[in-house]
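Beneath this line is the structure, given in structure tokens, with notes to follow.
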Amino acid sequence: MRPLIVPSVLSADFSRLGEECVELEQAGADRLQWDVMDGHYVPNLTFGPDVIASCRGLVSCEFEAQLMCDRPEELLPRYAEVGCEWIIVHPETLRQPHRTYQRIRELGAKVGVGLSPATPVSVLEHVLDLVDMVLIMTVSPGFGGQKYLSSMEPKIARVRWMIDDSGHAIDIEVDGGIGPTTIGGAATVGANVFVSGSSIAAAEDRAAAIKELRRLAADAIAD
Ligand code: DX5
């Protein structure tokens, strides 16, 4: 598995959002993550679909929308319409998870299931045939710049086992505190897609930072 590096737009300079998306793509981003927050499910408020639409035509890389919102079912069509190829939802915000995952696919997007730190992996049972990616949060969602929770590594390993046992081709994406000193731990136990916000945003040379993260992950996966 070639590791993918997915910069989070949450750490971008919002006064230059479009330019930041272009710079991140030019720096080698495999896709961009939009942390959509409603101020209810998480204590922060971020991007509506029109903000994403304003940046869609500037880059060709895929967009993933992580919907950290109450009642995200009502938002699905809007985020699909503005060009998010991946839509990630958190099971505890859904009334009917199985139906919601079907709906995301009907809208032409790929399905991500987001597991906050305390969400058990049992929520993945009976739905893996509808899932394209499991996002394992290695921080509590809401803000960038938080400390990586290495206590999530057994959970990553368990989800990797569940996916391999299912026979379905499903990515494991990790998100939260991912940088040069933490990416190896997540990759070693089964993650293959890595969201990074503050670590890349703070880098003098973003292309070098992304290249280094990809190398560290590839080395850990190969071990
Ligand atoms: C938390 C956000 C952050 C963000 C990445 O809800 O999802 O994890 O994407 O930010 P860093 O890499 O700074 O933790």
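The values are calculated or read from the model by the stated rules, or taken from the named source; none is laboratory data. Computed from a predicted model, the values in this text were never measured in an experiment. Here the Cβ positions follow ideal geometry from the backbone for every residue, glycine too, while neighbour counts run over all protein chains shown. These area figures cover heavy atoms from the full protein model, side chains too; ligands, DNA and RNA do not enter into them. Shrake-Rupley method; radii C 1.70, N 1.55, O 1.52, S 1.80 Å.
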Next item on the list: May I ask you to say which residue of LYS147, LYS155 is more than 15 Å from the ligand (Cβ to nearest atom) and either part of a loop (DSSP other than H, G, I, E, B) or open to solvent by 10 Å² or more (accessible area, probe 1.4 Å) (or both)?
Entry: LYS155
Checklist line | Residues located in the stretch 172-204, provided they are touching a residue at least 60 places away in the same chain (Cβ under 8 Å) and away from the ligand (no atom under 16 Å from the Cβ) | finding: ASN192
Margin query: Could you go through the stretch 28-38 and let me know if any residue there is within 16 Å of the ligand (Cβ to nearest atom), surrounded by 16 or more Cβ atoms within 10 Å (Cβ to Cβ) and β-branched (Val, Ile, Thr).
Written below: yes
Next item on the list: State whether one or more residues within the stretch 160-168 are outside any helix (DSSP H, G or I), surrounded by 15 or more Cβ atoms within 10 Å (Cβ to Cβ) and either free of Cβ contacts under 8 Å to residues at least 24 places away in the same chain or within 15 Å of the ligand (Cβ to nearest atom) (or both).
Entry: no
Check: Restricting attention to the stretch 209-218, does a residue exist that is free of Cβ contacts under 8 Å to residues at least 60 places away in the same chain, assigned to a loop (DSSP other than H, G, I, E, B), open to solvent by 10 Å² or more (accessible area, probe 1.4 Å) and over 14 Å from MET137 (Cα atoms)?
Finding: no
